[in-house]
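Q: Before I ask anything, let me first share the structure, which is written out below as structure tokens.
The values are calculated or read from the model by the stated rules, or taken from the named source; none is laboratory data. The structure presented is a predicted model; accordingly, all values stated were derived computationally and were not measured. Every residue, glycine among them, receives a Cβ derived from its backbone with ideal geometry; neighbour counts consider all protein chains shown.
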Amino acid sequence: MSQPRTGVQRQTVDLSQFPDLVVIYLGMRVRRLWGLRKLLKTGRQIQAGVAQHPEGLLLHENFVFSLVPPHVGMRQYWRDLDALERWTRELPHQQWWKEFLRDSAGTGFWHETYFMRGGMEAIYDDLTKPVGMMAFAPLEKARGKMFSARSRLGLGDSLVSAVIPEAELPD
């Protein structure tokens, strides 16, 4: 007896209520064995921050890119860049990001951001193997006009101060 054919139920979404929607993919990859500890600690910190329901965060999803080497990620949908940027400069996010920028502890971190109104930007910290756009686009140092997400997008200076000012980061 054959199964009745039901067809594919196709749906789409109406994003007209979200004209400034921002989608950000983030990932953390272990580069050294001791990086597993950093990955687990940072993961717990991120989950705790997301559990506080930051203003403007519409959805947070976790996923795994690979088990060997451990490489985990998340996708977040934000109402707008201002909300995302504000959250990155507030506690608890500010603290774990500051810790990472001082010592990646055997891990690498990246994000790629896509904007409803157009534009994309990305950052890759301490990654030895390419991921995402890093695999096909020329790399530049994240300095000057390439330092902040807002300036990489050509939107001028950030509305909030950097967690660690550019001048305080090592070359």
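Q: Using the structure shown, decide if G108 is in contact with a Phe, Trp or Tyr (Cβ under 7 Å, 6 or more places away or on another chain), surrounded by 13 or more Cβ atoms within 10 Å (Cβ to Cβ) and over 23 Å from L159 (Cα atoms).
A: Numbers: in contact with a Phe, Trp or Tyr (Cβ under 7 Å, 6 or more places away or on another chain): no; surrounded by 13 or more Cβ atoms within 10 Å (Cβ to Cβ): yes; over 23 Å from L159 (Cα atoms): yes.
No.
Q: Within the group R117, R102, which residue is closer than 25 Å to P19 by Cα and basic (K, R)?
A: One residue alone meets the criteria, R117.
Q: Here's a check for you: in region 111-136, which residue that is in a strand (DSSP E or B) and of a type in the set (D, E, K, R) is surrounded by the fewest Cβ atoms within 10 Å (Cβ to Cβ)?
A: This residue is D125.
Q: Going by what's in this entry, would L67 be described as farther than 25 Å from P130 by Cα and modelled with pLDDT of 95 or more?
A: No: the conditions fail for L67.
Q: Could you figure out which of (1) over 18 Å from D125 (Cβ atoms); (2) at pLDDT below 95 isn't true of K41?
A: (1)
Q: So which residues in region 37-54 are among the hydrophobic types (A, V, I, L, M, F, W, C) and touching a residue at least 60 places away in the same chain (Cβ under 8 Å)?
A: Listed by number, the list holds a single entry, L39.
Q: Restricting attention to region 23-36, does a residue exist that is of a type in the set (S, T, Y), out of contact with any Leu (no Cβ under 7 Å at 6 or more places or on another chain), surrounded by 12 or more Cβ atoms within 10 Å (Cβ to Cβ) and not in a loop (DSSP other than H, G, I, E, B)?
A: Scanning region 23-36, I find at least one residue that is of a type in the set (S, T, Y), out of contact with any Leu (no Cβ under 7 Å at 6 or more places or on another chain), surrounded by 12 or more Cβ atoms within 10 Å (Cβ to Cβ) and not in a loop (DSSP other than H, G, I, E, B), so the answer is yes.
Q: Suppose we filter D20, D80 for residues that are more than 15 Å from the chain's Cα centre (by Cα) and surrounded by fewer than 19 Cβ atoms within 10 Å (Cβ to Cβ); which single one remains?
A: From the options D20, D80, the qualifying one is D20.
Q: Continuing with this model, one more query. Given the conditions (1) surrounded by fewer than 18 Cβ atoms within 10 Å (Cβ to Cβ); (2) outside any strand (DSSP E or B); (3) under 12 Å from the mean Cα position of the chain (by Cα), report the number of the one that R75 does not fulfil.
A: All conditions pass for R75, except number (2).
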